[in-house]
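For reference, the structure discussed in these notes is given below.
Where a number appears in this text, it was derived from the coordinates with a stated rule and is not lab data. What you see is a predicted model, and the numbers here were worked out from it, not measured in a lab. Ideal geometry is used to build each Cβ from the backbone, glycine not excepted, and the neighbour counts take in all protein chains shown.
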Amino acid sequence: MRTLRTFVVIAAALSLVGQGCTRGPSREAVEAMRPVTITWWRVFDDQEAVAPIIAAYRALHPNVTIEYRKFRFDEYEQALLNALAEDRGPDLFSVHNTWVRGYVPKLAPIPDSFTIPFTTVQGTIKKEQVTELRTVPGKSVRALRNEFVDVVASDAIVNVEGETPQEGRRDRIFGLPLSADNLALYYNKDLLNAAGVPQPPGFWSKLQTDVPRLTKQDAQGNLTQSGVSIGTAKNVQRYADILSLLMMQNGTQMTDENGFPIFTRTPPELQGRGSPPATDAVVYYTHFANPATEAYSWNDRLPDSLEAFAAGRSAYFLGYAYHIPEIRARAPKLNFGIARVPQIEGNPEVNYANYWLEGVSKKSAHQNWAWDFLQFATSAEQNVKFLDAAKKPAALRALLQRQLEDVDLSVFATQMLTAKSWYRGKNETAYEQAFADLITNVLDGAKLNEAMENALNRVAETYR
């Protein structure tokens, strides 16, 4: 609830005949209403997706201009880091959900409150522009946990030292998302129909039995049709995410209470198992690319997994909501559906989140304005405009229900409540390469334990 402290009335109609006087704005109000430009850097979404929100905010704050810039993903982070280092960075910028902890030194946490001027027109016969300085509460940790899906709290909230010695450590919010995404199972309806597979599998064990029926080889043993496009690294989109999902579904604790990677360990509640749950996940993932197994359906000589699916050469493809327009652009006539990602029978449901948060630069001269806009943009009333324009799954609980009837987004909306993620260190490229080498080394016959420990050590190095 916004609280009001009215400082000044600026008369639009200065006087009527025989009455009235002019009350000029106070120095504090004049200062607060100076023109402000907020720069906002993001990836993927065109300006059209956020334009309605920006327009609505400027209607309340005509002194604020928001300059939006979209980057290519492959250039974004380096351009951002260079700009921040040279003190020419944006006020607002996107941070991937797995980057937040590493970016904390560069981000300003949401303040407990801040004062923002609002200008409104009041009166009937005599119209007056009234400028009010409103004390706006910053979103609390409790409110964030209640309003957003659980994974947002685990990524956006970081326990840090207070600004004064007396304050001690406390949980602070370092970003808010406009949307969220998670892995789902895409399937080719025509290939399933031809193989007599009536519906996509709900469990990985069922996927394993489906795959031989959906895989075809020529006389030379070359794969001409793949049951599922997983098992390798270099030609599987988001291979590290898929492997992380399998690890987490199988009971792996990816990090300790301090966020440090420990995924090779066996959690106390799983002691007595023959091997760590992450190791079992690696074995399962790679056996789809092992010619010696019945589930063999993929190898590194095949095209990219998305390309193979769009071309009708793969029955199952694991991907995100953002893959929908890519698939339709490549194959407008492809008869495909989207199902919930398989689970491990008997285990709690776990899905895998992949999304961006918007954060405020610690070096911004307009932190209060930036945070006020960000809170405005992520309110349900405004956020729905972005979701409808961008066609993305919601991160706000209040907006998930309306997406359950959406043909494209219903699966992602359903899975969002059980989606999880983990902090993978300060170097995303190094983490992905460590997992790629882990997969490749296992396929080449390396000792499992050694390959796992090597991957862990390489990921751990990126935390320093």
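Peptide packing: for 329-335, 61-67, the average count of neighbouring Cβ atoms within 10 Å per residue gives the ranking 61-67, 329-335, highest mean first. Sorting M33, M248 from the fewest to the most surrounding beta carbons within 10 angstrom yields M33, M248.
Centre-to-centre, using Cα atoms only, region 135-197 and region 404-464 are separated by 18 Å. If you average the alpha carbon positions of region 86-121 and of region 233-261, how far apart do those two centres end up, in angstrom? When both Cα centres are located, 29 Å separates them. A helix-only calculation puts the chain at -10000 deg cm²/dmol for mean residue ellipticity at 222 nm, using -39500 (n - 2.57) for each DSSP H run of at least four residues, averaged over all residues. Quick check on region 246-388: take the gyration tensor over C-alpha atoms, sort the square-rooted eigenvalues as a ≥ b ≥ c, and tell me if it's rounded (a/c under 1.5), prolate or oblate. Oblate.
Computed on region 309-415, the Cα convex hull volume stands at 158 Å³ per residue.
Taking 22 Å as the cut-off for C-alpha to C-alpha distance, list the pairs among K106/K392; K206/K391; K106/K385; K189/K216; K70/K392 that go past it. Among K106/K392; K206/K391; K106/K385; K189/K216; K70/K392, the Cα-Cα distance tops 22 Å for K106/K392; K206/K391; K106/K385. Compute the helix-to-body angle for 204-214: its Cα long axis versus the longest principal axis of the chain, expressed 0 to 90° and rounded to tens. That helix lies at roughly 60 degrees to the long axis. For the chain, the longest principal axis of the C-alpha atoms and the axis of helix 380-390 are separated by about 50°.
Sparse packing (at most 15 other Cβ atoms within 10 Å of the Cβ) combined with a DSSP loop state is found for the following trypsin sites (Lys or Arg not before Pro) in region 64-172: R72, R88, K126, K127. Helix 73-85 and the longest principal axis of the C-alpha atoms of the chain enclose an angle of approximately 50°.
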